[in-house]
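S.K.: The structure under discussion is supplied below as structure tokens; questions concerning it will follow.
Readers should treat all values here as calculations from the given coordinates under stated rules, not as data from a laboratory. Note that the structure is a prediction, hence the values are computed from the model and not measured. With ideal geometry, Cβ positions are generated from the backbone for all residues, glycine too; neighbour counts draw on all protein chains shown.
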Amino acid sequence: MSIMFSNLKMYRTNAGMTQEEVAEKIGVSRQAVAKWERGDSSPDIESCIALADIYGTTIDTLVRNMKLEYKSSDDGKHVFGVSRMNDKGQITLPAECRKIFGIRPGHSLLIIGDEDKGIALVNLGGLGTEQEE
């Protein structure tokens with residue numbers, strides 16, 4: 001099994017941090033963090049532990065390719081993986097989720113919730129914006 005670090009940028013942006021801030025926290029160069037995020041190189045185990053701590057996740061979740069974690073069933077139900085809310089209350093929807101549900105920049109999302117069952121998002125599309133092509 002090869003280790004994939006495709007989550008690193010997602011975790012960093014969800015944490016509201018720059019590459020430089022992450023690099024400073026774990027004692028590496030900003031260029032090292034950039035290389036990890038591009039897949040040009042991989043962090044050592046000590047750096048993986050530090051990254052997982054910073055991002056509030058486990059090493060296992062951090063290093064696995066989210067595409068491998070994505071699951072779909074014939075009944076239209078999907079598991080897209082994990083997103084983490086940053087300190088501004090923002091989350092990043094996985095690319096596969098945006099693709100399947102046709103969510104694009106500028107779309108409005110209705111957020112509904114049930115305290116027992118959780119939160120749901122409903123794509124309202126370009127509601128209140130110019131007509132889409």
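S.K.: Taking the Cα-to-Cβ direction at LEU93 and at ASN123 and moving 7 Å from each Cα, how far apart do the two end points lie in nm?
M.R.: If labels sit at LEU93 and ASN123, their model points lie 0.6 nm apart.
S.K.: Once the other residues with Cβ under 13 Å from the Cβ of VAL22 are scored (Lys, Arg +1; Asp, Glu -1), what is the net sum?
M.R.: In short, 0.
S.K.: Could I ask something else about it? Rounded to two decimals, what is Rg over Rh for the range 70-125 when you use alpha-carbon atoms and the Kirkwood radius?
M.R.: Computed over Cα atoms, the ratio is 0.96.
S.K.: Sticking with this one: Could you name the lysines in cross-link range of LYS77, using Cα to Cα under 24 Å and dropping any fewer than eight places away on the same chain?
M.R.: In chain and number order, the partners are LYS67, LYS99, LYS117.
S.K.: If you take the square roots of the eigenvalues of the alpha-carbon gyration tensor of the range 8-67 and sort them as a ≥ b ≥ c, do you get rounded (a/c under 1.5), prolate (a/b over b/c) or oblate?
M.R.: Because its axes are fairly even, with a/c under 1.5, the range 8-67 counts as rounded.
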